[in-house]
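*Asks:* First the structure, then my questions, so here it is.
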Amino acid sequence: MEMSTKSLRAYVETYGCQMNISDGELMEGVLESHGYRIVDRPEDADVVIVNTCAIREHAEQRVLGRVSQLNGLKLERPELVIGVTGCMAQRMGDDLLERAPYIDLVMGPDGYRELPSHLQRLRAGGGLQGEEEGVRPVGKVPLQSGPVSKTGKRRIQLSVLDLDPRENYEGLEQRRRSGVAAWIPIQRGCDHRCTYCIVPYVRGPEKNRKPDEVLREVEEVVRSGISEVTLLGQTVNSYVHDDWAFPRLLRAVARVPGIRRVRFTSPHPNDVTPELVEVMAEEPAVCEQLHLPAQSGNDRTLKRMVRRYTVATFLEKVAMVRSAIPDISLSTDIIVGFPGETDSEFRDTLDLMRTVRFDDAFTYKYSLRDGTPATRLPESDFVELNVAQARLEELIEVSRGIQAEINESEIGRVDEVLVEREARDPGQMLGRTRRNKVVAFPGSPEIVGSYVPVELTATTGATFRGEKVAIPATVGRV
Ligand code: SAH
Ligand code: SF4
Ligand code: F3S
């Protein structure tokens with residue numbers, strides 16, 4: 001079965017969140033183990049996979065533009081296979097094949113195990129002169145006949161859209177792009193129903209991996225020379241498997257010999273419990289960093305978002321974390337212009353930003369996603385685009401201002417930097433501190449993967465410049 005794929009080259013381009021990036025690495029691993037060679041440019045590939053995100057309309061439009069651009073390559077090389085995978089593929093399904101008929105394959109987030117065999121079928125179908133009925137659908141996959149290619153052969157298109165409540169991709173190897181830090185998915189899907197959010201519909205219900213599988217993977221990662229891991233899940237801290245809740249798993253991961261840094265994302269504020277904070281404070285490998293998505297600083301909005309917490313309880317979580325780990329760096333996600341958000345409710349969000357003083361904030365304009373509960377809110381409630389835009393700009397100004405103040409106050413600190421790669425400026429290397437701050441400092445590529453004590457000497461507001469120092473960094477809490 002693998003005979004004809006031996007020399008094929010595949011290119012995977014990923015959009016969206018860390019989970020999707022990790023899925024991209026998974027697909028590369030699956031393809032590689034079936035004899036594909038992974039290449040860095042679509043021009044060099046026989047198979048191009050665009051692994052997509054559906055979180056906002058803008059994200060989808062970007063992908064549609066990119067896919068039509070890739071069709072330019074297919075016009076030159078009709079045998080090129082274009083696959084669209086991930087959340088947008090799941091959301092749009094066969095509509096995508098109709099809208100962009102040059103796409104050969106749409107595949108949702110639970111189909112990747114069978115990616116090579118579907119590609120194989122596509123190639124076989126492409127090679128059959130008008131005999132696509134001779135290619136039988138496998139399992140539940142619907143088979144459609146597609147347009148006739150330039151060479152006169154019938155093309156088939158495939159869609160693989162079943163969500164599988166058991167698929168956790170156990171036993172498959174990822175092809176990790178970084179040799180310095182590794183993503184470890186521990187959970188797929190989401191059981192929340194935040195009313196703006198498409199994720200539960202395109203990724204299905206929450207599924208948690210077995211703790212021993214997770215730990216085995218972390219051990220393997222260490223053997224490959226990596227000492228920083230980030231545990232991934234949509235509400236990663238709601239992880240539970242038998243009597244393993246998230247704090248227990250986090251502690252076990254942090255204690256795997258050779259692990260020096262552990263991060264996790266994204267936690268849900270409600271599952272930030274005293275037990276979790278205790279593990280974060282006690283385990284030296286757990287980094288002093290927490291992403292805590294607030295979404296809004298107004299109770300009425302939070303309620304209509306179905307976030308299941310209030311501003312007061314969110315602030316209690318922040319206080320609990322900060323009292324246990326004073327040096328912690330906090331980041332958040334905020335949506336402005338949620339349907340019905342008034343100007344004064346938006347001002348509550350600005351107040352929350354000023355109260356908490358996040359080290360970093362990812363800010364978004366509400367984007368309507370078909371099928372989500374928020375679409376059923378009265379149309380008259382929808383916030384005008386220019387109003388939402390103005391709110392976004394004001395929020396960004398406030399959050400960047402706070403970030404710059406915090407970062408300026410950190411100049412002079414000596415932090416341990418894990419060196420990730422060369423910076424764009426010649427002679428400069430880029431890395432992260434335990435608190436997830438990005439630092440550029442003079443160095444050469446052979447230090448990639450090492451831990452270097454760096455004095456923070458200047459900040460652009462968001463990132464730092466630094467100088468290597470001889471004294472060891474005061475690592476985290478001492
Ligand atoms: N599971 C993660 C979030 C994943 S999506 C969590 O719960 O934290 C990342 C961020 O995108 C969300 O936190 C939210 O701020 C934003 N987002 C999600 N849906 C959105 C929408 N319809 N419009 C605008 N922003 C959205
Ligand atoms: Fe979306 Fe809410 Fe689930 Fe996060 S917790 S993925 S925002 S539904
Ligand atoms: Fe996007 Fe899917 Fe992640 S919608 S944010 S790629 S889970």
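The values are calculated or read from the model by the stated rules, or taken from the named source; none is laboratory data. Remember, it's a predicted structure, so these values are computed and weren't measured experimentally. So basically every Cβ, Gly included, is an ideal-geometry build from the backbone, and we count neighbours across all protein chains shown.
Conditions tested, residue by residue: (1) within 13 Å of ligand 1 (Cβ to nearest atom); (2) more than 13 Å from L231 (Cα to Cα); (3) among the basic types (K, R); (4) surrounded by fewer than 19 Cβ atoms within 10 Å (Cβ to Cβ).
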residue: G171; (1), (2), (3), (4): no, yes, no, yes
residue: S178; (1), (2), (3), (4): no, yes, no, yes
residue: I186; (1), (2), (3), (4): no, no, no, no
residue: C190; (1), (2), (3), (4): yes, yes, no, no
residue: R193; (1), (2), (3), (4): yes, yes, yes, yes
residue: Y196; (1), (2), (3), (4): yes, yes, no, no
residue: N208; (1), (2), (3), (4): no, no, no, no
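*Asks:* Being away from ligand 3 (no atom under 16 Å from the Cβ) and not assigned by TED's automatic domain parsing to the domain that holds Y451: is that true of I335 here?
*Replies:* Taking the combined requirement at face value, the residue does not satisfy it.
*Asks:* Ok, one more. When you scan region 1-100 for helices (runs of 4 or more DSSP H) that lie fully inside it, which ones turn up with 3 or more residues that are closer than 20 Å to A124 by Cα and modelled with pLDDT of 95 or more?
*Replies:* Answer list for region 1-100: 18-33.
*Asks:* So E282 ticks every box in (1) closer than 23 Å to Q234 by Cβ; (2) surrounded by fewer than 17 Cβ atoms within 10 Å (Cβ to Cβ) but one. Which box is left unticked?
*Replies:* (1)
*Asks:* Restricting attention to region 221-259, which residues are closer than 22 Å to R434 by Cα, charged (D, E, K, R) and in a loop (DSSP other than H, G, I, E, B)?
*Replies:* R255
*Asks:* Okay, next question. I'd like the full set of residues that are outside any helix (DSSP H, G or I), near ligand 2 (Cβ under 9 Å from one of its atoms) and out of contact with any helix residue (DSSP H, G or I) (no Cβ under 8 Å at 6 or more places or on another chain), limited to region 178-220.
*Replies:* Scanning region 178-220 gives a single hit, C197.
*Asks:* Right, here's the next one. How many of the residues in region 187-233 are in contact with a strand residue (DSSP E or B) (Cβ under 7 Å, 6 or more places away or on another chain) and not charged (D, E, K, R)?
*Replies:* 15
*Asks:* For region 356-371, indicate whether the set of residues that are hydroxyl-bearing (S, T, Y) and either out of contact with any helix residue (DSSP H, G or I) (no Cβ under 9 Å at 6 or more places or on another chain) or at pLDDT below 95 (or both) is non-empty.
*Replies:* No - not one qualifying residue is present in region 356-371.
*Asks:* Quick one: which residue in R465, R435, R424 is exposed (fewer than 13 other Cβ atoms within 10 Å of the Cβ) and either in a loop (DSSP other than H, G, I, E, B) or among the charged types (D, E, K, R) (or both)?
*Replies:* R424
*Asks:* Still on this structure, please answer the following. Search region 319-341 for residues being touching a residue at least 12 places away in the same chain (Cβ under 8 Å) and of a type in the set (S, T, N, Q), and hand back the single one that is surrounded by the most Cβ atoms within 10 Å (Cβ to Cβ).
*Replies:* Taking the candidates together, the pick is T332.
*Asks:* Scan region 421-440 and report the pairs whose first residue is more than 12 Å from R465 (Cα to Cα) and whose second residue is of a type outside the set (K, R) and part of a loop (DSSP other than H, G, I, E, B), with Cβ atoms within less than 6 Å and a gap of 6+ or a chain change.
*Replies:* These pairs meet every condition: R434/C287; R434/E288; R434/G476; R435/E288.
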